[in-house]
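Report on one structure; see the data block that follows.
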Amino acid sequence: MMERPDLKQALGRLLGAAGPEVGCEECFEQLDRYVELELDGQDADAAIPGLRAHLAGCPACREEHESLRALVGGEQAL
Amino acid sequence: MSALNAATVALVEPVSPLATLAPAPPLLDAESREWLQSLRAPDATGEDAIARLHALLLRAARFEVARRRATLPHLRGDELEDIATEAADDALMSVLRRLDDFRGASRFTTWAYKFALLEAAVKLRKRAWQGREVPLEPEGWSLFSSAGLEPDAEAEQSELLETLQSAIAQVLTPHQRRVLVALALNGVPIDVLAERLNTNRGALYKTLHDARRKLRNHIQERGLALENEEKR
């Protein structure tokens, strides 16, 4: 039987995150600092408000965040 | 030219006046300081540093290509390597052009990596959609089928989805509707749509954000709850 698609996920794709968010340009500017704060176990969302909400609503920026985190995190793990 | 247009609006919606202020520049770590000094050196030291930087950017671009390889099964290994090299070349130009912008908010290498990842990601998204039609028109589309949903027995959920569908048709401008349908329902990558519409990522995301805000207001005015919201 096919699993029913997740309404929450579909609405998230359609409507993005609620609340204030930065744009793509600001996201790119802050992304390196955000990733390092995350990897250092610090509160990146408090340090850079609005970036998490943007990542939730922008698949392209989200992919680039995931890649940078994976690349830098992988190097730190070596 | 950078994949992100510098002329785009930085903030879609200001978080707060204070949050938009740049933090005080931290002291550079020793490795980052060495990168900057070497890259600015006028002699062979500078040339060597640029070569090292290119190698670093190429590693990041190859990393991105490897992550996305499954989405491009028709591309040969040498074509993927060409994309990685081109991304590293473009990223090198961006990094050198923006060297004075680096303030040490992160390590230099982390800052530089993001340019290579961006360039590679944009090139790969465009390549994946090369020759494909970009669905822009809302005619014949259904929120339920596009989002993979069917109106089910729950009346409140059906009402929400139907209200959303009619709001998309009636509340948004034609441009907002095209952008929302393409990006949020049809899964067109924002860089691909930006290229087809001759605009840039920041401007398109602003349009998407405005459309989303209109839809949210419309839903709230009708007293409907959105299930995707976190409880606060």
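Overview of results
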read-out	value
Packing rank of B:203-214, B:64-75, where each peptide gets the mean count of other beta carbons within 10 Å, highest leading	B:203-214, B:64-75
Estimated distance in nm for a label pair at A:ASP43 and B:ARG222, the labels positioned 7 Å out from Cα along Cα-to-Cβ	3.8 nm
Shielding score for B:188-200, defined as the mean number of other chain Cβ atoms within 10 Å	1
The stretch A:19-77: Cα Rg divided by the 2.2 N^0.38 Å rule of thumb	1.04
Per-residue average of Cβ from other chains inside 10 Å of B:86-92	0
Calculated diffusion of the stretch B:30-128, Stokes-Einstein form, Kirkwood radius summed over Cα pairs, 37 °C and 0.692 mPa s, µm²/s	237 µm²/s
Calculated diffusion of the stretch B:162-232, Stokes-Einstein form, Kirkwood radius summed over Cα pairs, 4 °C and 1.567 mPa s, µm²/s	101 µm²/s
Where a label projected 7 Å from the Cα of B:LEU72 along Cα→Cβ would reach, residues of the stretch B:92-134 with amide N under 11 Å	B:120-130
Residue exposure sequence - A:TYR34, B:TYR113 - by fewest surrounding Cβ within 10 Å	A:TYR34, B:TYR113
Protection-proxy order for peptides A:9-16, B:40-47, each taking the mean of Cβ atoms within 10 Å per residue, highest first	A:9-16, B:40-47
Chain A: calculated mean residue ellipticity at 222 nm from DSSP helix runs of at least 4, using -39500 (n - 2.57)	-21500 deg cm²/dmol
Inter-chain Cβ neighbour average for residues B:216-222, partner chain, 10 Å	1
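Computed from the coordinates by the stated procedures, all read-outs in this text should not be read as laboratory data. Note that the structure is a prediction, hence the values are computed from the model and not measured. Please note: Cβ atoms are built from the backbone with ideal geometry, for glycine as well, and neighbour counts cover all protein chains shown.
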